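The values are calculated or read from the model by the stated rules, or taken from the named source; none is laboratory data. This is a predicted model, so every value here is computed, not measured. Every residue, glycine as well, gets a Cβ built from its backbone with ideal geometry; the counts of neighbours run over all protein chains shown. These area figures cover heavy atoms from the full protein model, side chains too; ligands, DNA and RNA do not enter into them. Shrake-Rupley method; radii C 1.70, N 1.55, O 1.52, S 1.80 Å.
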Amino acid sequence: MSTTADLVLALKKELKAAHLTYADLAKKLGMAESSVKRMLARGDMPLSRIDAICRALKLDFGELARRVADAQPLLAELTQQQEKAVVADKKLLLVAICVLSQWTLEQIVASYRLSEAEGVKYLAQLDRIGIIELRPLNRYRLKLAKTFRWRPHGPVMDYFREHALLDYYSGGFDGHGEGLLLVHGSISRSLAPSFMERLQRVAQDFAQQHQADQKLPEKDREGYTLLLAMRSWEFEAFAALRR
């Protein structure tokens, strides 16, 4: 959530962009210039005063709030409690996965057995958790960075390991645009991180292409799940045979 200090900081930027001095603003507000300086320096004021400054700047308060929200840092990872809240309700987890793919509410309820009221309820929960910022007409802004990942040993990945991993790998990986590669080898420890960086770039390329292709008709798109991994590991059955 945006704080009053964030709003005041945004107002200062708007004043500078509008080439308004503190004296100009004081005149518009009917206040002394010294009072305006103190008010803005403290970074804390009632919303009624912020609204008055917005009117002086001919700026809509809602637009100011959106600019502040857009400037907030995006999350690269959720907390343990946030993830726990997501997996506590399987329908909520479904909607969370959908919003990660930037689905609209209309797409979600058209594809799954969810009513519009349920969809709105789950979007509101994701807003409270901090994954999205819910906007008018049930639109939303995703508050996750492009580098976002679920916690390696968090509730979501634990749920995935228990309920989805075998289902994923049971596929033949022989369809159009599908494939499964298993490569093993011993390489320099110093080079291992560079391979991981390449995998991360592939994941980011996939995510960016997903965003770019949202403008295509649905009939021209197909849902894929890209799973990338790299770790120091030996199959348990082989490890048991070591001398």
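On the protein heavy atoms, probe 1.4 angstrom, tell me the percent of accessible surface of region 59-115 carried by carbon and sulfur.
Of all accessible area on region 59-115, carbon and sulfur atoms account for 57 percent.
Using a 1.4 Å probe and counting only protein heavy atoms, arrange Asp174, Asp6, Asp167 so the residue with the most accessible area comes first.
Asp174, Asp167, Asp6
Can you sort Tyr140, Tyr169 by solvent-accessible area, 1.4 Å probe, largest first?
Result, largest first: Tyr169, Tyr140.
Using only the heavy atoms of the protein chains and a 1.4 Å probe, how would Glu197, Glu218 rank by accessible area, largest first?
Glu218, Glu197
As a test question: what accessible area, to the nearest 10 Å², does Phe235 have when a 1.4 Å probe is rolled over all protein chains in place?
That residue has around 100 Å² of solvent-accessible surface.
Can you work out the accessible area per residue across the chain, with the rest of the protein chains kept in place, probe 1.4 Å, in square angstrom?
Value for the chain: 70 Å² per residue.
Counting only other residues whose beta carbon sits under 11 Å from that of Lys58, what net charge do I get with K and R as +1, D and E as -1?
Within the 11 Å Cβ shell, the charges total -1.
Just to confirm the number: angle between the C-alpha axis of helix 116-129 and the first principal axis of the chain, 0 to 90 degrees, nearest 10?
Tilt of helix 116-129: around 80 degrees.
Once you've got the GNM for the chain with C-alpha springs shorter than 10 Å, pick whichever of Glu77, Glu133, Glu63 has the biggest mean-square fluctuation.
Among Glu77, Glu133, Glu63, the largest GNM mean-square fluctuation belongs to Glu63.
Can you give me the relative contact order of the chain as a percent, contacts being Cα pairs under 8 Å and 6 or more apart?
Computed value for the chain: 15 percent relative contact order.
Provide the FRET efficiency to the nearest 0.05 for the Lys12-Phe148 pair, computing r from the beta carbons and using R0 = 25 Å.
Result of the calculation: an efficiency of 0.25.
Output the 0 to 90 degree angle, nearest 10, between the alpha-carbon long axis of helix 192-212 and the longest principal axis computed from the alpha carbons of the chain.
60 degrees
Given the pairs Lys37/Lys58; Lys37/Lys143; Lys12/Lys146; Lys16/Lys58, which span a C-alpha to C-alpha distance of over 24 angstrom in this model?
In this structure, Lys37/Lys143; Lys12/Lys146 exceed 24 Å between Cα atoms.
I'm spelling it out carefully: the read-out is Rg/Rh (Cα atoms, Kirkwood Rh), the candidates are [x] 1.03; [y] 1.10; [z] 0.97, and one was derived from this structure. Which label?
Among [x] 1.03; [y] 1.10; [z] 0.97, the one calculated here is [y].
Counting other Cβ atoms within 10 Å, keep those with at most 10, restrict to DSSP loop, and tell me which trypsin sites (Lys or Arg not before Pro) in region 58-95 are left.
Lys58
Can you run phi through the Karplus equation (6.51, -1.76, 1.60; θ = phi - 60°) for region 218-231 and list ³J(HN,Hα) in whole Hz, with x for Gly and Pro?
Values, residue by residue: 4, 5, 9, 10, 9, x, 10, 10, 9, 10, 10, 7, 7, 7 Hz.
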